[in-house]
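Below is one structure; the comments refer to it alone.
The values are calculated or read from the model by the stated rules, or taken from the named source; none is laboratory data. As the structure is a computational prediction, the values presented were derived from the model and not from experiment. Glycine also receives a Cβ, built like all others from the backbone with ideal geometry; neighbour counts cover every protein chain displayed.
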Amino acid sequence: MHHSISNSGLWGHLPHPYRARRQATGYTPVMNATNPSSVADLIIHPEWIVPVVPRGQVLTNHSVVVTDGCITGIVPSNEGQRIQAIEHLNLPSQALLPGLVNAHGHSAMTLLRGIADDAPLRTWLQDHIWPLEAAFVSETFVRDGTDLALLELVMGGTTTFSDMYFFPDVTAQRIDLAGLRAQLVFPVLDVATAWATDGEACLKKGLALRDEYRDHALIQIGIGAHSTYSVPETTLRKIATLLNELDAPLQIHLHETQAEITGALDTHGERPISFLNRLGLLGPRTQCVHMTALTDEDIDLLRSSNSHVIHCPRSNMKLASGVSPVDRLLKAGVNVALGTDGAASNNRLSMLGELQMAALLAKLESLEATALSATAALEVATLGGARALGIEATVGSIETGKAADLIALDLSQPHTQPLNNIVSQIVYASNGTELTHSWVAGQPLVRDGKPLTLAPAEISARAARWPEKFKAHKASIDPTGNHLS
Ligand SMILES: [Zn+2]
């Protein structure tokens with residue numbers, strides 16, 4: 001896609017800092033932990049390391065070695081201090097974690113944040129969101145909304161995210177410029193938009209995008225069937241055939257509400273997950289978003305098919321959709337990941353906030369205070385997400401050989417003091433303002449609390465232009481002003 005999009009302040013047209021310094025200094029290092037004479041890109045010396053693997057471990061007096069985008073060593077600090085590197089970064093009072101994986105969202109919907117709150121899912125979608133999207137969704141809308149989302153995601157500790165929205169070609173370009181890792185599941189649904197006229201057109205455009213990004217290091221393209229109620233059975237059957245041919249991920253909203261399940265029982269005579277199973281759409285690359293109101297049979301189907309559950313607790317609470325029984329799912333051996341969903345139904349894209357909600361809601365849902373411990377919740381938000389997206393060999397934990405997708409959190413603020421328990425402080429006491437540094441594949445996205453690949457003032461200015469347009473539209477179709485609220 002070629003349209004007039006500003007790229008100011010983004011790495012897309014700039015050399016990467018480490019690469020630039022390498023060129024300037026003539027380094028061509030090959031680094032590994034057993035060869036300390038070579039030169040690393042970066043050695044990080046945090047106060048604590050929470051590697052997620054091994055489970056429950058918190059390291060002190062250790063350093064993480066980063067070379068060519070990968071974690072090439074986790075070594076005692078005194079050893080780390082002696083390794084030659086382009087940069088040594090000391091992070092006092094900060095914890096180093098694997099970057100958070102936000103496994104479900106609709107990033108451009110940040111522009112619709114707050115526009116239709118306090119309405120149930122069906123009303124919210126059909127009377128508010130879909131009409132507005134029909135009127136406004138365009139390449140410019142997706143560009144402005146996605147940039148705002150990326151800024152919020154990055155500053156909240158997300159390094160990998162999954163997105164399902166129209167004009168995924170534009171989203172992919174913005175992600176590429178911002179430097180995050182992503183799974184884009186192009187939307188398939190029978191609702192006409194400026195991007196595509198129907199489900200078939202969605203598939204055609206999406207598959208072309210998948211071809212275009214086949215060799216991209218950080219972006220993978222999958223299929224985002226919206227739901228069993230918005231995609232016709234013929235299209236779902238076609239998707240099943242495609243998935244077999246392509247080995248692509250499938251993400252779908254499933255069992256979001258009891259009403260969805262009741263509707264499917266009326267239409268197909270079976271529950272949505274059984275319907276998907278009959279069509280051959282459950283499997284290890286299937287990501288089921290929401291999964292509330294589950295029976296034991298539903299959980300058996302998830303487990304036996306190795307499908308993944310993407311839990312979106314805040315969205316489920318705000319739309320009064322229901323609760324996913326995360327504790328039961330994990331105990332049954334089902335992989336669970338965490339997602340914020342879009343900003344029109346959350347209304348935050350803070351993975352730290354989501355992590356906290358997930359841990360609290362699991363206890364309320366099961367009436368067991370032991371459900372989804374802080375350690376388990378952090379694993380869901382990192383490794384669980386990586387497993388769901390099929391990239392657990394690359395991200396989700398701080399382990400030698402994995403990509404250097406890392407975040408640093410400042411734990412010196414009043415609300416995280418004193419530090420009786422690092423993981424507990426991060427999960428239960430953080431308020432989302434702790435992020436100081438972020439890297440994806442060793443490239444810095446945030447340094448000392450400042451985003452490096454996204455320009456906040458420009459992004460805010462572009463986003464700020466949209467509410468006027470929505471108001472003018474509302475006045476033009478309903479002078480009484482009752483349309484949106
Ligand atoms: Zn969603």
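Look at Gly322 and say whether it is within 16 Å of the ligand (Cβ to nearest atom), in the same structural domain as Gly145 (by TED's automatic domain parsing) and at positive phi. In short, yes.
Only residues that are on the phi < 0 side of the Ramachandran plot and in a loop (DSSP other than H, G, I, E, B): list them for segment 325-337, please. Within segment 325-337, Pro325, Ala332, Val334, Asn335 qualify. Name the helices (runs of 4 or more DSSP H) wholly inside segment 338-439 in which the number of residues that are touching a helix residue (DSSP H, G or I) at 6+ places or on another chain (Cβ under 8 Å) is 2 or more. Hits in segment 338-439: 351-366, 374-379. The residue of segment 190-201 that is surrounded by the fewest Cβ atoms within 10 Å (Cβ to Cβ), among those that are under 9 Å from Phe166 (Cβ atoms) and among the hydrophobic types (A, V, I, L, M, F, W, C), is Ala194.
Hey, among the residues in segment 139-168 that are polar (S, T, N, Q) and more than 22 Å from Cys288 (Cα to Cα), which one's farthest from the chain's Cα centre (by Cα)? Only one residue tops the list, namely Thr140. Within segment 360-373, the set of residues being within 24 Å of Ala408 (Cα to Cα) and either out of contact with any Pro (no Cβ under 9 Å at 6 or more places or on another chain) or not assigned by TED's automatic domain parsing to the domain that holds Pro313 (or both) comprises Leu372, Ser373.
Residues that are more than 17 Å from Arg113 (Cβ to Cβ) and either touching a helix residue (DSSP H, G or I) at 6+ places or on another chain (Cβ under 8 Å) or free of Cβ contacts under 8 Å to residues at least 12 places away in the same chain (or both) do not occur anywhere in segment 460-468. Note on segment 78-185: no enclosed strands (runs of 3 or more DSSP E) hold 1 or more residues that are more than 16 Å from the ligand (Cβ to nearest atom), outside the structural domain of Val423 (by TED's automatic domain parsing) and at positive phi. For segment 50-69, residues that are hydrophobic (A, V, I, L, M, F, W, C), surrounded by fewer than 19 Cβ atoms within 10 Å (Cβ to Cβ) and under 18 Å from Ala386 (Cβ atoms) total 1.
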